[in-house]
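Some notes on the structure that comes next.
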Amino acid sequence: MPKLNGGEIIIESLKKENVDVVFGYPGGAVINLYDALYNSNMKHYLGRHEQGVIHAADGYARSSGKVGVCIATSGPGGTNLVTGLANAQMDSIPLVAFTGQVSSSLIGKDAFQEADITGISLPVTKHNFLVTDIKDLARTIKEAFYIARTGRPGPVLIDLAKDVTQAVAEFDYPERVNLPGYKPTFEGHKLQINKAAKAINDAKKPLLYVGGGAVISGAQAEIRQMVEKAKIPITTTLMALGIYPEDQDLALEMLGMHGTQYANKATLETDLLIAVGARFDDRVTGKLEEFASQADIIQIDIDPAEIGKNLDVEVPIVGDVKRVLKELLPYIEEKENGAWQQRIKELKEKYPLKYEDDDSETIKPQYIMEEIDKYTKGDATIVTEVGQHQMWAAQFHKYKKPRQFITSGGLGTMGYGLPAAIGAQIGQPEEKVVLIAGDGSIQMNIQELGTAQAYNIPIKIIIFNNKYLGMVRQWQEFFFDKRYSSTKIPAPDFVKMGDAYGIWSKSVDKKSELDAALKEAMEHDGPAILDLHIPEEENVYPMVPAGAGLKDMIGG
Amino acid sequence: MTHILSVSVLNKPGVLTRIAGLFSRRNFNIESLNVGKTENPEISRMTIVVNGDEKVLEQVTKQLHKLINVLKITELDKNSIVERDLILIRVKCTRKQRSEIIQIADTFRAQIVDVAPDSLMIEATGTEDKLEALTELLRDFGIAEFVRTGTVALSRGQAAK
Ligand SMILES: Cc1cc2nc3c(=O)[nH]c(=O)nc-3n(C[C@H](O)[C@H](O)[C@H](O)COP(=O)(O)OP(=O)(O)OC[C@H]3O[C@@H](n4cnc5c(N)ncnc54)[C@H](O)[C@@H]3O)c2cc1C
Ligand SMILES: Cc1ncc(C[n+]2csc(CCOP(=O)(O)OP(=O)(O)O)c2C)c(N)n1
Ligand SMILES: [Mg+2]
């Protein structure tokens, strides 16, 4: 067996896990690992901040479906990862994060750049490890990847004492993991599946409520069959846009706080809600007592703790979405559900998503999304920051395939978008990747423009410039009498900023110039920035005020 | 409503922090928590007394299960378990009061484990109720120091599965 140092063992282990891309930022505690990288053919992307590095790994994971890998040094390197870990944990994204740690003999002595990152990251990781003996290294990496990608995925952190990366040992990568306390359930319970089938066949107004778990599971084909076999309308959460093409008759698009009126009204009327890999988040349900109050609920989730966490369910099924649906489908009767289909059609006609526009030169944000949809033939991967622009991006673009919309849902992390777009592009080099950014959010990890430029990552950065922290301003307008406390945020000159980074940039404030600029940006060979001036006080509609029921939507 | 959970965990570094952290993070109420080695040196058993209704208990159990190093969780049925606490109490006492205190201790099958000129130390084991009754009686003499382990418990009659 070959003798390798710790750094080399990590590289070889990564190869065994089919990793060919890592994101990272060097420092003293990981210098041995970086030395091993120097000789390897592993592709390493150097970010500009560890938060950027981990969001890029996260964007990569979401676009490619693989595990994202990132590296940071000890102390501040590790603490800079924390937001990225929490973000991935909330959205169930598989990551393996390596951090350097001071040498094992110095741990606990307040050594230079020491931080207890396993302690700090405990609540924001699926699991974490501290490796102080090289004999444990390969096995730990094997376990970390297994834990990150199986069951309900999530981030796993491996803290590496510096002496471990220096030491030498035989490299022996285990074939299997031995984790007696970790046994996810994949197969659904037969009896429950039969119950679910009966409930679906008996229902008059069934509704599919599909979430991120279906995307993770890769269940788009099974979802489509469910919809089409028994003509069951489908609404998705923000995390599952595109799992079923949104241009279809039975697609109700997003539900919840900023969901469509027809999706929310359908949840009020349905007699059977079929929750598939969705976790009844408060942004979705609003007031729990009123959510789907006419309906029995079937809930399919791989995490038993999600079942009945927020709402009691009649038919719980613990298992992997794809496998459960495969089992379930043969029992589902083909059906027309005519009256319910008719009602859905009516709702869609009566309460469409809409916005006000006129012939002036004003550029409406919703219009931009429609133009991007048109220009890219609905084919681009859309990545967002967090705020109003994120909601318009969700609403006014028809998503047609899973992993086409990449966004920070659970944590709502401003600063996620730019680095995630870079990672998403690296994960899907053939796709057109468009970042929809707020003028506030993009400033949170703006340094990653350097990364985009350095590797010529051809992302298209569309800034919805409203000169406000718009989402918060909207709440202040509605609920605080327009007292705009600290939400006016002067932006820098984004064109000059782009120039400084050597990135093609343009600012547009006239509608008549939008299409040409969009075309130019899209066709530009390399990253591009479009700074689009939109009305300062445009609001996102419809909206369910926080804590209200879905029937109390405003506007739209 | 209190529930007693018997939790076997792999003896890995940080396992106690993981469990304690889970309880505070998820806003669960912990009454007491005990850890000790078992017959298998790689496995520890925790006895956790939690406060909450059935729904809370269900979430506690499910969330605990998600911890990678948790092997098994059993809720112990209070009617078929042996449940014990241990307390050490230092009671103030004058020479004259000694025999009276020793008598009380005897009634509770408690031991006198240390005698000082102005105090006695008593060790007692038993159920929570019994120990509370004992403490109550001793309070009249003045309790100088007090420490209590919290509950440990096992099911009767059978090896926990
Ligand atoms: C400003 C803002 C506004 C928002 N407004 C809305 C809104 O209006 N509507 C909306 O929907 N969201 C909205 N969100 C997002 C919201 O906060 C939540 O992130 C989102 O609703 C959760 O989506 P989900 O239920 O699909 O769960 P996810 O977080 O995607 O969780 C996935 C679920 O699937 C399970 N799972 C994972 N893998 C599998 C598998 N293989 N098999 C089975 N199950 C699996 C997991 O255990 C989990 O329960 C908003 C976010 C922001 C930042
Ligand atoms: C890191 C972080 N800090 C604060 C917030 C709270 N927040 C949510 S949306 C928002 C405004 C975002 O402004 P901008 O990026 O300009 O987007 P807009 O809403 O104007 O489209 C803020 C401050 C957050 N989500 N994340
Ligand atoms: Mg803004």
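Selection of segment B:47-64 for residues being facing chain A (nearest Cβ under 7 Å) and either within 18 Å of B:V15 (Cα to Cα) or not in a helix (DSSP H, G or I) (or both) yields B:K62, B:Q63.
Might you check whether a residue that is in contact with a Cys (Cβ under 7 Å, 6 or more places away or on another chain), under 21 Å from A:T381 (Cβ atoms) and not assigned by TED's automatic domain parsing to the domain that holds A:L418 occurs anywhere in segment A:44-53? Steps first, answer last, please.
First, the residues of segment A:44-53 that are in contact with a Cys (Cβ under 7 Å, 6 or more places away or on another chain): A:53.
Checking the rest, the ones that are also under 21 Å from A:T381 (Cβ atoms) come to A:53.
Add one more test, that the residue is not assigned by TED's automatic domain parsing to the domain that holds A:L418, and what stays is A:53.
Within segment A:44-53 (the criterion being in contact with a Cys (Cβ under 7 Å, 6 or more places away or on another chain), under 21 Å from A:T381 (Cβ atoms) and not assigned by TED's automatic domain parsing to the domain that holds A:L418), the answer is yes, since at least one residue qualifies.
All told, A:I147 meets the bar of being part of a helix (DSSP H, G or I), more than 16 Å from ligand 2 (Cβ to nearest atom) and within 11 Å of another protein chain (Cβ to nearest Cβ). Take A:F129 and tell me if it is among the aromatic types (F, W, Y) and within 24 Å of A:K16 (Cβ to Cβ). Yes. Can you find a residue in segment A:221-234 that is within 16 Å of ligand 2 (Cβ to nearest atom) and modelled with pLDDT of 95 or more? Scanning segment A:221-234 turns up no residue that is within 16 Å of ligand 2 (Cβ to nearest atom) and modelled with pLDDT of 95 or more.
One line per residue, one yes/no per condition, for (1) of a type outside the set (F, W, Y); (2) within 14 Å of chain B (Cβ to nearest Cβ); (3) outside any helix (DSSP H, G or I):
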{"residue": "A:A169", "(1), (2), (3)": "yes, no, yes"}
{"residue": "A:R176", "(1), (2), (3)": "yes, no, yes"}
{"residue": "A:L179", "(1), (2), (3)": "yes, yes, yes"}
{"residue": "A:F186", "(1), (2), (3)": "no, no, yes"}
{"residue": "A:A197", "(1), (2), (3)": "yes, no, no"}
{"residue": "A:N201", "(1), (2), (3)": "yes, no, no"}
{"residue": "A:V215", "(1), (2), (3)": "yes, no, no"}
{"residue": "A:E222", "(1), (2), (3)": "yes, no, no"}
{"residue": "A:Q225", "(1), (2), (3)": "yes, no, no"}
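Of all residues in segment A:286-299, those that are under 21 Å from A:K204 (Cβ atoms) and either surrounded by fewer than 19 Cβ atoms within 10 Å (Cβ to Cβ) or away from every other protein chain (no Cβ under 14 Å) (or both) total 9.
Please go through segment A:171-224 and give me each residue that is small (G, A, S) and under 16 Å from A:A295 (Cα atoms), ordered by number.
Filtering segment A:171-224 for residues small (G, A, S) gives A:181, A:188, A:196-197, A:199, A:203, A:211-214, A:217-219, A:221.
Once the filter is applied, which keeps residues that are small (G, A, S) and under 16 Å from A:A295 (Cα atoms), segment A:171-224 yields A:A196, A:A197, A:A199, A:A203.
If you filter segment A:447-474 down to residues that are within 17 Å of A:E536 (Cβ to Cβ) and in a helix (DSSP H, G or I), you find that the one that is nearest to ligand 1 (Cβ to nearest atom) is A:M471.
Condition test on B:N69, is it under 21 Å from the mean Cα position of the chain (by Cα), more than 14 Å from B:L154 (Cβ to Cβ) and assigned by TED's automatic domain parsing to the domain that holds B:A20? Judged against the criteria, B:N69 is not a match.
If I filter segment A:479-500 for residues that are away from chain B (no Cβ under 14 Å), part of a strand (DSSP E or B) and away from ligand 1 (no atom under 16 Å from the Cβ), do I get at least one hit? Scanning segment A:479-500 turns up at least one residue that is away from chain B (no Cβ under 14 Å), part of a strand (DSSP E or B) and away from ligand 1 (no atom under 16 Å from the Cβ).
Given the structure, is A:A88 closer than 23 Å to A:G213 by Cβ, in contact (Cβ under 8 Å) with a residue 24 or more places away in the chain, among the hydrophobic types (A, V, I, L, M, F, W, C) and within 16 Å of ligand 2 (Cβ to nearest atom)? Outline the logic, then answer.
Numbers: closer than 23 Å to A:G213 by Cβ: yes; in contact (Cβ under 8 Å) with a residue 24 or more places away in the chain: yes; among the hydrophobic types (A, V, I, L, M, F, W, C): yes; within 16 Å of ligand 2 (Cβ to nearest atom): yes.
Criteria met by A:A88.
Given the structure, is A:H55 crowded, with 24+ Cβ neighbours inside 10 Å and not small (G, A, S)? Can you show your working first?
Details: crowded, with 24+ Cβ neighbours inside 10 Å: yes; not small (G, A, S): yes.
For A:H55, the condition - crowded, with 24+ Cβ neighbours inside 10 Å and not small (G, A, S) - is met.
Being surrounded by fewer than 23 Cβ atoms within 10 Å (Cβ to Cβ), touching a Gly at 6+ places or on another chain (Cβ under 6 Å), under 21 Å from A:R224 (Cβ atoms) and not assigned by TED's automatic domain parsing to the domain that holds A:M239 is the requirement here; does A:K377 meet it?
Details: surrounded by fewer than 23 Cβ atoms within 10 Å (Cβ to Cβ): yes; touching a Gly at 6+ places or on another chain (Cβ under 6 Å): no; under 21 Å from A:R224 (Cβ atoms): yes; not assigned by TED's automatic domain parsing to the domain that holds A:M239: yes.
Against the criterion (surrounded by fewer than 23 Cβ atoms within 10 Å (Cβ to Cβ), touching a Gly at 6+ places or on another chain (Cβ under 6 Å), under 21 Å from A:R224 (Cβ atoms) and not assigned by TED's automatic domain parsing to the domain that holds A:M239), A:K377 does not qualify.
Residues that are out of contact with any helix residue (DSSP H, G or I) (no Cβ under 8 Å at 6 or more places or on another chain) and either within 16 Å of ligand 1 (Cβ to nearest atom) or at pLDDT below 95 (or both) within segment A:359-377 comprise just one, A:D359.
Condition check ((1) surrounded by fewer than 19 Cβ atoms within 10 Å (Cβ to Cβ); (2) touching a Leu at 6+ places or on another chain (Cβ under 7 Å); (3) not small (G, A, S)) across all residues:
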{"residue": "A:K322", "(1), (2), (3)": "no, no, yes"}
{"residue": "A:L328", "(1), (2), (3)": "no, no, yes"}
{"residue": "A:E336", "(1), (2), (3)": "yes, no, yes"}
{"residue": "A:K354", "(1), (2), (3)": "yes, no, yes"}
{"residue": "A:T381", "(1), (2), (3)": "no, no, yes"}
{"residue": "A:G410", "(1), (2), (3)": "no, no, no"}
{"residue": "A:G415", "(1), (2), (3)": "no, no, no"}
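The values are calculated or read from the model by the stated rules, or taken from the named source; none is laboratory data. Just so it is clear, the structure is predicted and the values come from calculations on it, not from any experiment. Positions of Cβ are backbone-derived with ideal geometry, glycine not excepted, and every protein chain shown enters the neighbour counts.
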